[in-house]
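A short write-up of the structure that comes next.
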Amino acid sequence: MSVRGRRATIALTGLAAVALAMSVPAASATGGSKLPPSAQRQIRALVNGTNGHLGSEPAPAARAEGRGEPEGDALEIADRAEQYSWMRTAPADEVPAAALASARRQAARMPVTQAPWRELTHQPYQAEPKGYTDPYWSNDGAGFGLVSGRATALTVARGAVYAGAADGGVWRSTNAGRTWKPVYDGGTSISVGALLTGPDGSVWLGTGEANTSSDAYSGQGVYRSRDRGRTWHKLGGHALDGAEIYYLKASPDGHVFAATTRGLYRISASGAGRWQQVLAPVYGDGPYDNHVTDVVVRPGTGGKVVLAAAAWRNGASYNGFYVSTKHGRPGTFTKITPTGDIDAADIGRTTLAYAPDGSALYALVESPALLLAGAATNLQGVYKVTGGDPAGPYAKIADSASLGASGSALENLPGYHVGVQSWYNQVLAVDPNDYQHVYVSLEEVFETRDGGASFTTASPYWNYGLACGASCPKTTHPDQHALYVAGGQIWIGNDGGIYRRPLAASGYGHWANLNATIHSLQYYGAGSGRMPRRGLAFWGGLQDNGTSVLFGANARRMIEPAGGDGGQVLVDPVDGTNAVGEYVYLDMYLTTDGGHSFRDIAPPDSPDGLARFIAPFVADVNDPDHWVAGGQHVWDDTRAWQTVCNSSACDWAEAHDLGAGNVATALAVNGDTTYAAWVGGGGNPSPAFASGIDTNYGGTWHRITAANLPQRYLAGLQVDSADPAHVFAVYNGYSRRWIEGGGVGHVFESRDGGAHWKDISGNLPDIGGDDLVLSGHSLVLATDIGVFVSAQARPQRWSRLGSSLPHSSVNDLSVTPGGNRIVAATHGRGLWVTPAR
């Protein structure tokens, strides 16, 4: 793993867009021991612009050509990191919430081709497998143990624990987290932003993750279950459809508040009636307007005094604190100027927490000014108001430096300090039995037992560089999103899943890893190859959880031989120990021993940052030893598993230049013929959005011009193995019904090398397509709402392929060697397999 950061903008459709990454100097030792080569490499990469990054959105330093004057590294990084969501909204900034719901209804009316989908990734996922100690890519020694996907919310109701996953629904445990069961994976949106235990013991679910990360999907409202998750019912109508929800909070006066990306809403705690917007600081409903990041009710006032924090993390005129002294009714909130140490002019995303008796108010505050400046931290500070008056005075009890000195693994990491992702990682929790005992979660978890007079680090970022060295106890995955105190335990949720430890524990360690049976992994791509005596090896790349490999569908565990972010993969069909993985921005690495060791083979576009965050590379449909990769340039390689690319020699040969500011989004290769889809704007849609396809079909490279092809993001290309002139193009996003200028259609077919195209979308729902494979005589299509199939002979007659897949986005499809099975890579519920058509 390596250091990471993110920032960006949010697009209200299926997703919210973001990401900030920092450039940092080479690492020095922290504590008493030197950082391992893996950490040093990835930190150096940040400095040199070669994509080093621990998690979701890394940062190339180089700027793509043709983008005008530089706007500062942080903002350019943000532009690049929006890519996942822009795929689904371009050429617009956002899509109406009704688009997703409409597509789900369309799909529900379609015929179903029966298919027995089976989950592949149902084993524990080990981030530190024994014997996998590659000096650059291994997580060995990080201290994470088992991991799962991003956990965003936690609550406890009637003795059961409920955990929300980024795009993986809700999971329930009745044995303190030792085992989990999915209880919400079939809704219109299974992106989870908030969970709440209602006054009657019911569980409230706010769909739509509000962490403003690039792959955070918007929601479809608030649901409630009164029967331990067996059934869920929507509350309050459609006012919150398309919103993301930061928090749900109950008030003693019989109301529940929802702090959302569209303002603050209120409803009866009984669930009756409609959601009522009670605070919208600005007039407008743009993606940056009216973010209310938290709300609290002042104890002892019977629900009368309500404090809300409203802010867009990059700064906006409405950012600040708002108070109502009339139970939070509409029109009763007034913006206040908090006093004391807090900088009232620089309030960004804020999380609030009261001591249960009202004796203290705590505030965790991000600084937009530091964020936009690209500083080593964007944490303004942690504040305390003794007495709990929302107006203050606010006394600073911690900042990046003091938290760093409390045992943080980030203290001496130049350019990457505590709070560098405070726009993304923010949670507070007060021990209800000890009001001086407070937890503060950022990238790491901190705690104070004296009301903020002093802090210690409870969960360091990793164990690298700490003074305890090899004797350090296990830590947790970094990037915290959820805290909950219950049953004498503190529960946390982060980019690697769920952990807990006793409230009495202090210092490092004592964490129980609860990730063995919560299967919420977020894949970008997957592939497979044969294994002697062990069936198939399944490889895949994930958000913040590296490149995974599962040796055999019935293996008891899955391992992560390479850390950081994963992306696409390429697997030798005849020997599954040979595989290529991707860090980000085309930073490719190759193994020929099943992941025990890796060799970097990144094409020249990667160090220059001229590639997408998740960049495409594929093998020839007829020759697995012929590879093509794409950034601004199309790179060709025939050395396969002997490939070398370093400062001395490189086997990648430049085949084509897509043009300044254009980068590849999808590739397809058959012999001498290559098709390369591209998008303009240096990887993101620019104000003058452009996308297209270049090909050398016929012998020379040229740009395809076809009036009926949409001007949207091209997510997939597939070429017929029997005929290089026969090619399919898959478009993401929504049609012009929802996006002005978006055109019509999602799947197109050409039989003359791209000269002419036929829209074969037929009866498909109007939803973004992600990938397409040819399986036997069938076309199989991956979308954000599932998998669809049609006969190649009748390509406009589509049906749903099975009905048992969870409602997570399917980002990628692949066919196993021999063509027997289809593998679906979901971005929230792991890998699934079904017999080929």
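A compact table of results
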quantity: Options ILE760, ILE739, ILE785; residue that is in contact (Cβ under 8 Å) with a residue 60 or more places away in the chain, of a type in the set (A, V, I, L, M, F, W, C) and open to solvent by less than 10 Å² (accessible area, probe 1.4 Å); calculated: ILE739
quantity: Matching residues in segment 710-736 - criterion: being open to solvent by 30 Å² or more (accessible area, probe 1.4 Å) and farther than 20 Å from ALA782 by Cβ; calculated: GLN711, ALA722, ASP723, PRO724, ARG736
quantity: Residues located in segment 82-98, provided they are among the small types (Gly, Ala, Ser) and open to solvent by less than 10 Å² (accessible area, probe 1.4 Å); calculated: SER85, ALA90
quantity: Any strands (runs of 3 or more DSSP E) falling wholly within segment 225-292 and containing at least 3 residues that are touching an Asp or Glu at 6+ places or on another chain (Cβ under 9 Å), surrounded by fewer than 21 Cβ atoms within 10 Å (Cβ to Cβ) and among the aliphatic types (A, V, I, L, M); calculated: none
quantity: Single residue of segment 293-329 satisfying the filter (among the β-branched types (Val, Ile, Thr) and buried (at least 24 other Cβ atoms within 10 Å of the Cβ)) that is nearest to the chain's Cα centre (by Cα); calculated: THR293
quantity: Selection within segment 746-765 - of a type in the set (A, V, I, L, M) and either touching a helix residue (DSSP H, G or I) at 6+ places or on another chain (Cβ under 6 Å) or closer than 16 Å to ALA782 by Cβ (or both); calculated: VAL747, ILE760, LEU764
quantity: Segment 628-653, residues that are closer than 19 Å to TRP701 by Cα, over 28 Å from the mean Cα position of the chain (by Cα) and in contact (Cβ under 8 Å) with a residue 40 or more places away in the chain; calculated: TRP652
quantity: Given (1) over 20 Å from the mean Cα position of the chain (by Cα); (2) surrounded by fewer than 24 Cβ atoms within 10 Å (Cβ to Cβ); (3) closer than 17 Å to ARG150 by Cα, number of the condition PRO182 does not satisfy; calculated: (1)
quantity: Test: PRO603 is in contact (Cβ under 8 Å) with a residue 12 or more places away in the chain and touching a Leu at 6+ places or on another chain (Cβ under 7 Å); calculated: yes
quantity: Odd one out for ALA163, checked against (1) in a strand (DSSP E or B); (2) open to solvent by 10 Å² or more (accessible area, probe 1.4 Å); (3) within 29 Å of ALA97 (Cα to Cα); calculated: (2)
quantity: Qualifying strands (runs of 3 or more DSSP E) (wholly inside segment 534-597; at least 1 residues being over 21 Å from GLY145 (Cβ atoms) and open to solvent by 10 Å² or more (accessible area, probe 1.4 Å)); calculated: 535-542
quantity: Filter result for TYR508 (outside any strand (DSSP E or B), within 30 Å of ALA157 (Cα to Cα), among the hydroxyl-bearing types (Ser, Thr, Tyr) and under 28 Å from the mean Cα position of the chain (by Cα)); calculated: yes
quantity: PRO368 within 27 Å of the chain's Cα centre (by Cα) and surrounded by fewer than 24 Cβ atoms within 10 Å (Cβ to Cβ); calculated: yes
quantity: Per-region count, segment 724-762, residues more than 29 Å from the chain's Cα centre (by Cα), closer than 19 Å to TRP798 by Cβ and part of a loop (DSSP other than H, G, I, E, B); calculated: 3
quantity: Qualifying positions in segment 465-512 - open to solvent by 10 Å² or more (accessible area, probe 1.4 Å), touching a residue at least 60 places away in the same chain (Cβ under 8 Å) and either out of contact with any Ser or Thr (no Cβ under 9 Å at 6 or more places or on another chain) or of a type in the set (Phe, Trp, Tyr) (or both); calculated: CYS472, PRO473, LYS474, TYR484, GLY487, GLN489, TRP491, ARG500, LEU503, TYR508, ALA512
quantity: Residue in segment 283-295 that is modelled with pLDDT under 95 and farther than 23 Å from SER213 by Cα present; calculated: yes
quantity: Of all residues making up segment 83-100, the number that are modelled with pLDDT of 85 or more, of a type outside the set (Lys, Arg) and assigned to a helix (DSSP H, G or I); calculated: 5
quantity: Every residue from segment 197-215 that is in a strand (DSSP E or B) and open to solvent by 20 Å² or more (accessible area, probe 1.4 Å); calculated: THR197
quantity: Count of segment 793-816 residues which are within 16 Å of LEU774 (Cβ to Cβ), within 29 Å of the chain's Cα centre (by Cα) and either in a strand (DSSP E or B) or of a type in the set (Asp, Glu) (or both); calculated: 5
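Yes or no, residue by residue, for (1) closer than 21 Å to LEU586 by Cα; (2) aliphatic (A, V, I, L, M); (3) in contact with an Asp or Glu (Cβ under 7 Å, 6 or more places away or on another chain):
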site	(1), (2), (3)
TYR508	no, no, no
ALA516	no, yes, no
ARG533	no, no, no
PHE538	yes, no, no
GLY546	yes, no, yes
ASN554	no, no, no
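The values are calculated or read from the model by the stated rules, or taken from the named source; none is laboratory data. Given the structure is predicted, the values throughout are model-derived calculations rather than measurements. Using ideal geometry, Cβ is built from the backbone for each residue, glycine included, and neighbour counts are taken over all protein chains shown. Accessible surface is based on the protein model in full, side chains and every heavy atom, while ligands, DNA and RNA are left aside. Shrake-Rupley method; radii C 1.70, N 1.55, O 1.52, S 1.80 Å.
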